[in-house]
Amino acid sequence: MKIFRIQIAKTIQRFAVIACFAGLSIFCKAQSSDFHPYFSFGTSHGVSFSSINFYPAVVQQQLMGYYGGIAANYVSEKCFGLQVELNYSQRGWKEQATAGTFQRRLNYFEMPVLTHFYLGNKFRWMLNFGPKIGYLLSESSQNAVASSSHEEYTMPIANKFDYGFCVGTGFELCAGSTSYTLEGRYSFGLSDIFPNSKKDTFGSSGNKFVSITLGVFLHFPARQH
């Protein structure tokens, strides 16, 4: 039942963002301007605060890590574009016990494919939403707990492939052909890092994290036919 409620919550999240996507699309179509399509290429870097969606629940603290990479954006219409990213994403979780602290860090290569919306001209509000895939490159752990029966401390990662959704919002400041971005993003995984059959310890163990990044992008006009 708990897993069923989790799946319902994830479905509601997806539909809420899709509804927002549709509303913004209608709004942008209604705008008239002398807009010209353009490409932008850039990089963004920041921090992430991650945990794992364990069921049965595990008491955790947010694990801070690095999140950033490169991105390419094609803005085809006023307010609307498509953004593809290649990121290095540090995730994982941390547990605090009376005897010490345990943390396990998971390092992923990640590729989000995002719908990009913005409102404004030189100073813009932006919204990014879409699916992402990732692959576990490496992992490390720090265990200051003398003894523990927690299986997640030593359990091997069963699924290195990760997929899910992410949604982010923030602001973009345009200065000529260069723009600067500040974005906060929430990412949630639909895959599990540990086995999830009835005989296994956890029924759910998906990645989830919040990231905050600063970016810089260079804009280039698209060739007109």
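The values are calculated or read from the model by the stated rules, or taken from the named source; none is laboratory data. All of these numbers come straight from a predicted model, not from anything done at the bench. A quick note on method: Cβ atoms are made from the backbone with ideal geometry, for glycine too, and the neighbour counts reach across all protein chains shown. In case anyone asks, the SASA skips ligands and DNA or RNA and just uses the protein heavy atoms, side chains included. Shrake-Rupley method; radii C 1.70, N 1.55, O 1.52, S 1.80 Å.
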**Q.** Residue identified as part of a strand (DSSP E or B), surrounded by fewer than 20 Cβ atoms within 10 Å (Cβ to Cβ) and small (Gly, Ala, Ser) among Gly130, Gly68, Gly134
**A.** Gly130
Q. Do you know which residues across region 209-225 are surrounded by fewer than 20 Cβ atoms within 10 Å (Cβ to Cβ) and not charged (D, E, K, R)?
A. Val210, Ile212, Leu214, Val216, Leu218, His219, Phe220, Pro221, Ala222, Gln224, His225
Q) When residues of region 141-200 are filtered for being among the small types (Gly, Ala, Ser) and under 30 Å from Ala99 (Cβ atoms), how many remain? A) 8
Q: Please tell me if Ser211 is in contact with a Lys or Arg (Cβ under 9 Å, 6 or more places away or on another chain) and at pLDDT 95 or above.
A: yes
Q) How many residues are open to solvent by 40 Å² or more (accessible area, probe 1.4 Å) and either out of contact with any strand residue (DSSP E or B) (no Cβ under 6 Å at 6 or more places or on another chain) or among the β-branched types (Val, Ile, Thr) (or both) when one looks only at region 168-208? A) 10
Q: Could you check Cys79 against (1) within 15 Å of the chain's Cα centre (by Cα); (2) at positive phi; (3) not polar (S, T, N, Q) and say which number it fails?
A: (1)
